[in-house]
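Supplied in structure tokens, the structure appears directly below.
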Amino acid sequence: MNKVAVIGCGNVGMAYIFALVNGNNNVSEIVMIDKNVEKIEGEKMDLCHTLNYISSNIKLKVGDYSDLDDADIVCITAGPSQSNDNRLKDLEKANVIYKDIFKEINKTKFDGILLIASNPLDVMSYLAYKYSGLLSHKVIGSGTSLDTSRLKYMMSEKLDINPKSIHAYVIGEHGDSQFAFWSAANIAGESISKFLTSEEMLKFENDTRNAAYEIGNRKGSTYYGISMALVRITNAILNNEEAIIPVSNYDEKNDVYVSTPCVIDRSGIKQRIYLNLTREEENKLQNSIDIIKNAIDSLK
């Protein structure tokens, strides 16, 4: 039995739930928690009408915080609507929402994995770690897993290569200071510089950074991409995969959450991967850390 609870059933939360229901995922029960109970009752009814067409026998429930006692994963997508020009806007509102959420979570016996998808992602992951009292390896932010997928897709379109065969990461902040870890990027062991010019790499990095804004300006918000990134992390946990995924994780030295590649298994973050960065990349990562830390400090 693998139980996932989702707190916040808006566009992101429901896209994640739909992907869990209709994919080949190792989930037996999904609990939906939201202030708008009537809406998610309707969402549940609609989703239940898909169950005839899937191979698994999954249970859907509109629940409350008492359902978290035996949950394996609690995914939090709740938060204020995202600004289309800066993920750090409305931080105070997001903080108030998280304080209310964790006031309820901490009344339960929950001791599973927290999966955070609220923006600003790295700050909210840090707050979830602090407010929950859980060990840091049990609190995972979706981080740059989505940004990495965006980057690989863009390169795959240019090179006519399946994105799964392109080995590259976006790291740092899930935000405007993120950057591509180009020095380690490769295809079949060959440096990415053999496939792309420096100008092309810069364009792909900028387009990745701005992708959420471009999508938001056209349709209001993004949710399909992040939902699949969350599913990927969920499966890595529930299947004990020991998969390497760039997620927002606790940097003890700097007391922040920031995205770097990590080994993900049933325990959560099993290991942070050491990155052999160039001097320029080190400076970019420190810039991300400073931006996240300043945002955290603004709340104190």
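The values are calculated or read from the model by the stated rules, or taken from the named source; none is laboratory data. Owing to the predicted nature of the structure, the values given are computational and were not obtained by experimental measurement. Neighbour counts run over all protein chains shown; Cβ positions are idealised from the backbone, glycine included.
Check L114, L146, L60, L134 and return the single one that is within 24 Å of N240 (Cβ to Cβ) and part of a strand (DSSP E or B).
It is L114.
Right, something else. For residues that are surrounded by 19 or more Cβ atoms within 10 Å (Cβ to Cβ) and without any contact (Cβ under 8 Å) to a residue 60 or more places away in the chain, tally how many sit in the stretch 155-181.
4
Take the stretch 18-55 and flag every residue that is in a helix (DSSP H, G or I) and touching a Cys at 6+ places or on another chain (Cβ under 7 Å).
I40, E43
Among the numbered conditions (1) aliphatic (A, V, I, L, M); (2) over 20 Å from the mean Cα position of the chain (by Cα); (3) over 25 Å from I7 (Cα atoms), tell me where L299 comes up short.
That leaves (3) as the condition not met.
Right, something else. Go through the stretch 92-111 residue by residue and tally those that are among the acidic types (D, E), under 20 Å from I73 (Cβ atoms) and part of a helix (DSSP H, G or I). So that I can check it myself, show each step before the final result.
As a first pass, look at the stretch 92-111 and keep what is among the acidic types (D, E): 92, 100, 104, 111.
Filter once more, so that each one left must be under 20 Å from I73 (Cβ atoms): 104, 111.
Applying the additional criterion that residues be part of a helix (DSSP H, G or I) yields 104.
The total comes to 1.
Another question, then. I'm trying to understand the selection: among the residues of the stretch 217-230, which are buried (at least 20 other Cβ atoms within 10 Å of the Cβ), in a helix (DSSP H, G or I) and not small (G, A, S)?
Correct list: I226, L230.
In the set V31, V37, which member is modelled with pLDDT of 95 or more, under 21 Å from S142 (Cβ atoms) and either touching an Asp or Glu at 6+ places or on another chain (Cβ under 9 Å) or of a type in the set (A, V, I, L, M, F, W, C) (or both)? Let's see the steps before the verdict.
Working: V37 fails: under 21 Å from S142 (Cβ atoms).
Sole residue among the options that is modelled with pLDDT of 95 or more, under 21 Å from S142 (Cβ atoms) and either touching an Asp or Glu at 6+ places or on another chain (Cβ under 9 Å) or of a type in the set (A, V, I, L, M, F, W, C) (or both): V31.
Report, ordered by the first and then the second residue, all pairs with beta carbons closer than 9 Å, sequence separation of six or more or different chains, a first member in the stretch 206-217 that is assigned by TED's automatic domain parsing to the domain that holds S149 and touching a residue at least 40 places away in the same chain (Cβ under 8 Å), and a second member that is among the charged types (D, E, K, R) and surrounded by fewer than 17 Cβ atoms within 10 Å (Cβ to Cβ).
Filtered contacts from the stretch 206-217: D207/E214; R209/D176; Y213/D85; G216/D85.
Right, another one. Quick one: which of K253, K293 is over 17 Å from S142 (Cβ atoms), in contact with a strand residue (DSSP E or B) (Cβ under 6 Å, 6 or more places away or on another chain) and either at pLDDT 95 or above or not in a helix (DSSP H, G or I) (or both)?
Numbers: K253 fails: in contact with a strand residue (DSSP E or B) (Cβ under 6 Å, 6 or more places away or on another chain).
Exactly one residue qualifies, and that residue is K293.
Kindly indicate whether T234 is over 18 Å from S142 (Cβ atoms) and touching a residue at least 60 places away in the same chain (Cβ under 8 Å).
Considered against the rule, which asks whether it is over 18 Å from S142 (Cβ atoms) and touching a residue at least 60 places away in the same chain (Cβ under 8 Å), T234 comes out as no.
Considering only the stretch 237-254, state which residues are in contact (Cβ under 8 Å) with a residue 60 or more places away in the chain, among the aliphatic types (A, V, I, L, M) and in contact with a Lys or Arg (Cβ under 9 Å, 6 or more places away or on another chain).
So the first thing to find is which residues in the stretch 237-254 are in contact (Cβ under 8 Å) with a residue 60 or more places away in the chain, and the list is 237-239, 245-250, 252.
Within this subset, residues satisfying the condition of being among the aliphatic types (A, V, I, L, M) are 237-238, 245, 247.
Once the filter is applied, which keeps residues that are in contact (Cβ under 8 Å) with a residue 60 or more places away in the chain, among the aliphatic types (A, V, I, L, M) and in contact with a Lys or Arg (Cβ under 9 Å, 6 or more places away or on another chain), the stretch 237-254 yields I237, L238, I245.
Let me ask something else. If S156 satisfies every condition in (1) touching a helix residue (DSSP H, G or I) at 6+ places or on another chain (Cβ under 7 Å); (2) within 29 Å of N294 (Cβ to Cβ) but one, which is the exception?
In the conditions (1) touching a helix residue (DSSP H, G or I) at 6+ places or on another chain (Cβ under 7 Å); (2) within 29 Å of N294 (Cβ to Cβ), S156 misses (2) alone.
Only residues in the stretch 255-272 that are without any contact (Cβ under 8 Å) to a residue 24 or more places away in the chain and on the phi < 0 side of the Ramachandran plot count as the first member; pair them with residues that are part of a strand (DSSP E or B) and of a type in the set (S, T, Y), Cβ under 9 angstrom, at least 6 apart or cross-chain, and list the lot.
Pairs that qualify, where the first residue is without any contact (Cβ under 8 Å) to a residue 24 or more places away in the chain and on the phi < 0 side of the Ramachandran plot and the partner is part of a strand (DSSP E or B) and of a type in the set (S, T, Y), are R272/Y250; R272/T260.
Let me ask something else. Is one or more of the residues making up the stretch 198-208 assigned to a loop (DSSP other than H, G, I, E, B), surrounded by 13 or more Cβ atoms within 10 Å (Cβ to Cβ), modelled with pLDDT of 95 or more and among the aromatic types (F, W, Y)?
For the stretch 198-208, residues assigned to a loop (DSSP other than H, G, I, E, B), surrounded by 13 or more Cβ atoms within 10 Å (Cβ to Cβ), modelled with pLDDT of 95 or more and among the aromatic types (F, W, Y): absent.
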